[in-house]
1. Kindly indicate whether any position in the stretch 182-194 is modelled with pLDDT of 95 or more, over 23 Å from the mean Cα position of the chain (by Cα) and surrounded by fewer than 18 Cβ atoms within 10 Å (Cβ to Cβ).
2. Tell me, please, whether a residue that is under 25 Å from residue 279 (Cα atoms) and at pLDDT 95 or above can be found in the stretch 143-155.
3. Tell me whether the stretch 260-277 contains one or more residues that are in contact with a strand residue (DSSP E or B) (Cβ under 6 Å, 6 or more places away or on another chain), assigned to a loop (DSSP other than H, G, I, E, B) and over 24 Å from residue 36 (Cβ atoms).
4. Which numbered condition in (1) assigned to a strand (DSSP E or B); (2) touching a residue at least 60 places away in the same chain (Cβ under 8 Å); (3) surrounded by 21 or more Cβ atoms within 10 Å (Cβ to Cβ) is the only one that residue 215 fails?
5. When the stretch 53-92 is examined, which residues are found to be without any contact (Cβ under 8 Å) to a residue 24 or more places away in the chain and within 23 Å of the chain's Cα centre (by Cα)?
6. Output the residues belonging to the stretch 350-376 that are within 22 Å of residue 278 (Cβ to Cβ) and surrounded by fewer than 24 Cβ atoms within 10 Å (Cβ to Cβ).
7. For the stretch 93-114, which positions are in contact (Cβ under 8 Å) with a residue 24 or more places away in the chain and under 11 Å from residue 165 (Cβ atoms)?
């Protein structure tokens, strides 16, 4: 390794050397506090019994869908398609999963894999936000589920429902809700978080429809606030000015013509992005401030088959990115964030896992939840692949096990359609 790369790795590693205060962090949105799939939990089990970690409880009746969960102030939030034919946003008690309230936000939208919604709620300032398969963006009171406001990606912003429906989990930041109607009228929008009023709309020449199924992340480059998301097809990875909606840059080389799904990873001025299918791939980009704007340059590109994440996402632990590599596969892989170079990658799933794998990182370990319901754990080691343990989710729904796992307050949460399982990852079992 060159001295330059070594120093870069040291800089990347610094933020993870100081752990946050235990119990100080909830899980308020998709992929956690920083939307990066990294849990702040410490003191977790480093190995599991054969049957897996201790299960604390399972609840049913949540309705179908691929939503994960958010957790704030002792309350779990998620979405599901219930027997009344409506998509619900609901709240459960963290202690035992008991339902606290459930509010319908939209009628069922028929799309591919139409078991139910995919949007994980975002919770902030006493409100909870989620998107239905048909593009209804609903804002409810987090305390009791009473509606506050709603907007329609189709009705209000000219969007269209694509093959698998709207799937994003909205970003809420600085008093604004950032959404992705993916239309020519509004590729992305910013709405007032309290009222739903439009703050700005961002337009691009070819947004590619809702073939982008990712969720937006925020970055700051040279003092410029940037919101970044994947659009569909030719739309590419798009970065807009968070305050004005001005399109700052687009990058389309990794985009495929079917479905662009994983949210991008950002570390400082670097962006790592990846998609599946035969014309996807992965790329490392570098952003540079340019006056009141930002430009981007490609540092490293890998074509489809060489390195790609179909869906399930990616995480960065220190200077290293980990994810399941391969279209419709979850072959563990590690990539150096500073250079985009592959450190190692496997040619098969791990410990019984098959299909795409959703990922989360916690306390020096990486967890992959495979499509076939196997949950596997390996060490976050940039030098070599070190598998540790796995178990199979009980009472399988028979549907693809795609929901992202969540680790918060010493517990592992696994949504599986109508059910939610809660496991202890603490040695005490509590």
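1. Looking for residues that are modelled with pLDDT of 95 or more, over 23 Å from the mean Cα position of the chain (by Cα) and surrounded by fewer than 18 Cβ atoms within 10 Å (Cβ to Cβ), one finds at least one in the stretch 182-194, hence yes.
2. Residues of the stretch 143-155 under 25 Å from residue 279 (Cα atoms): none.
No, there is no match, as no residue in the stretch 143-155 is under 25 Å from residue 279 (Cα atoms) and at pLDDT 95 or above.
3. Scanning the stretch 260-277, I find no residue that is in contact with a strand residue (DSSP E or B) (Cβ under 6 Å, 6 or more places away or on another chain), assigned to a loop (DSSP other than H, G, I, E, B) and over 24 Å from residue 36 (Cβ atoms), so the answer is no.
4. Residue 215 satisfies every listed condition except (1).
5. Keep residues of the stretch 53-92 that are without any contact (Cβ under 8 Å) to a residue 24 or more places away in the chain, which gives 74, 82-86.
Once the filter is applied, which keeps residues that are without any contact (Cβ under 8 Å) to a residue 24 or more places away in the chain and within 23 Å of the chain's Cα centre (by Cα), the stretch 53-92 yields only 74.
6. Within the stretch 350-376, 354, 355, 371 qualify.
7. Taking the stretch 93-114 and keeping what is in contact (Cβ under 8 Å) with a residue 24 or more places away in the chain, we get 94, 96-103, 105-109, 111-114.
106, 108, 109, 111, 112, 113, 114, listed by residue number.
The rows are residues; the columns are (1) part of a strand (DSSP E or B); (2) out of contact with any helix residue (DSSP H, G or I) (no Cβ under 8 Å at 6 or more places or on another chain); (3) buried (at least 20 other Cβ atoms within 10 Å of the Cβ).
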site: 298; (1), (2), (3): yes, yes, no
site: 306; (1), (2), (3): no, yes, no
site: 311; (1), (2), (3): no, yes, yes
site: 321; (1), (2), (3): yes, yes, yes
site: 325; (1), (2), (3): yes, yes, yes
site: 328; (1), (2), (3): no, yes, no
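The values are calculated or read from the model by the stated rules, or taken from the named source; none is laboratory data. Predicted, not measured: the structure shown is a model, and the values here were computed from it. When we count neighbours, we look across all protein chains shown, and the Cβ atoms used for this are built from the backbone with ideal geometry, even at glycine.
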